[in-house]
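Undergrad: Starting off with a structure, shown below.
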Amino acid sequence: MSDACCHLEGEPSSPHGPKRNILWTVLVLNLIMFFVEGISGWLAQSNALMADALDMLGDATIYGFSLFVIQLAPIWRTRSGILKATIMSIFAFGILGSAIYRVYYHVVPVASAMGIVGGLALAINLFCAYLLLRFRDDDVNMRSAWLCSRNDVLANLGVLAAAAGVAWTGSHWPDLAVGAAIAGLILHSSLGIFKDAGVEMENHQNNRHAANK
């Protein structure tokens, strides 16, 4: 019992304690918004909302990986960054596939639902981005988490723009264009994470060679 108490007392003083708490917070918020946006996007037939929902699910997965590797050796955090970038790329291509489907079937979304849900998601993601901001330069693990949160804010602004465009034109093209733009943003960020992770992997290898000498 005393050992358990000592462990609990030492946890808040861990250097990774604040990061862990913030990652848990943004993980839970992203999972909640994934279900809200996913259900709303399906009912409203909105490619932009569905794209944002898939982005939320991908981000929740990424935050989960970040929590898992936060206390492991730096090399594992770098490897996690590569895995997370791969997940982001897969979701980006999935969003593009959904856009192609909606172009073919000429599905016009419900603009009012897009505006309401997009506004709620924007408020939550601004809060998440603020929480992650001070840790964005710590390592590739936290940088990838912050990039996901920043992308969410930009995607939410895009959803609101798409809602206004659909309401104004009565066409599905603003919704499809924003969905494709979200996919491009996710893909661009994943390439950036691949690049950062590659640099860190090279640094790890150089340090290992120097230590062996």
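The values are calculated or read from the model by the stated rules, or taken from the named source; none is laboratory data. Owing to the predicted nature of the structure, the values given are computational and were not obtained by experimental measurement. No Cβ is skipped: glycine too gets one built from the backbone with ideal geometry, and neighbour counts run over all protein chains shown.
Undergrad: Which residues, counting only those in the stretch 115-164, are among the hydrophobic types (A, V, I, L, M, F, W, C), at pLDDT below 85 and touching a Phe, Trp or Tyr at 6+ places or on another chain (Cβ under 9 Å)?
TA: 135, 142, 145, 146, 148
Undergrad: Which of the following residues is at pLDDT 80 or above and more than 23 Å from the chain's Cα centre (by Cα): 13, 2, 40, 112? Walk me through it before giving the result.
TA: Values: 13 fails: at pLDDT 80 or above; 2 fails: at pLDDT 80 or above; 40 fails: more than 23 Å from the chain's Cα centre (by Cα).
Of the residues listed, the single one that is at pLDDT 80 or above and more than 23 Å from the chain's Cα centre (by Cα) is 112.
Undergrad: Give the residues of the stretch 91-109 that are farther than 20 Å from residue 171 by Cβ and at pLDDT below 80, sorted by residue number.
TA: Across the stretch 91-109, the qualifying residues are 91, 92, 94, 97.
Undergrad: Residues in the stretch 23-47 that are touching a Leu at 6+ places or on another chain (Cβ under 8 Å) and closer than 20 Å to residue 167 by Cα: how many?
TA: Summing the residues that are touching a Leu at 6+ places or on another chain (Cβ under 8 Å) and closer than 20 Å to residue 167 by Cα in the stretch 23-47 gives 4.
Undergrad: For the condition farther than 25 Å from residue 31 by Cβ and touching a residue at least 40 places away in the same chain (Cβ under 8 Å), what is the one hit in 196, 175, 152?
TA: Among 196, 175, 152, only 196 is farther than 25 Å from residue 31 by Cβ and touching a residue at least 40 places away in the same chain (Cβ under 8 Å).
Undergrad: If I filter the stretch 43-84 down to residues being modelled with pLDDT under 75 and under 11 Å from the mean Cα position of the chain (by Cα), which single residue comes out as surrounded by the most Cβ atoms within 10 Å (Cβ to Cβ)?
TA: Result: 59.
Undergrad: Being crowded, with 23+ Cβ neighbours inside 10 Å and more than 15 Å from the chain's Cα centre (by Cα) narrows it down to one of 180, 145, 163, 167, so name that one.
TA: On the way: 180 fails: crowded, with 23+ Cβ neighbours inside 10 Å; 145 fails: more than 15 Å from the chain's Cα centre (by Cα); 167 fails: crowded, with 23+ Cβ neighbours inside 10 Å.
Result of the check over 180, 145, 163, 167: 163.
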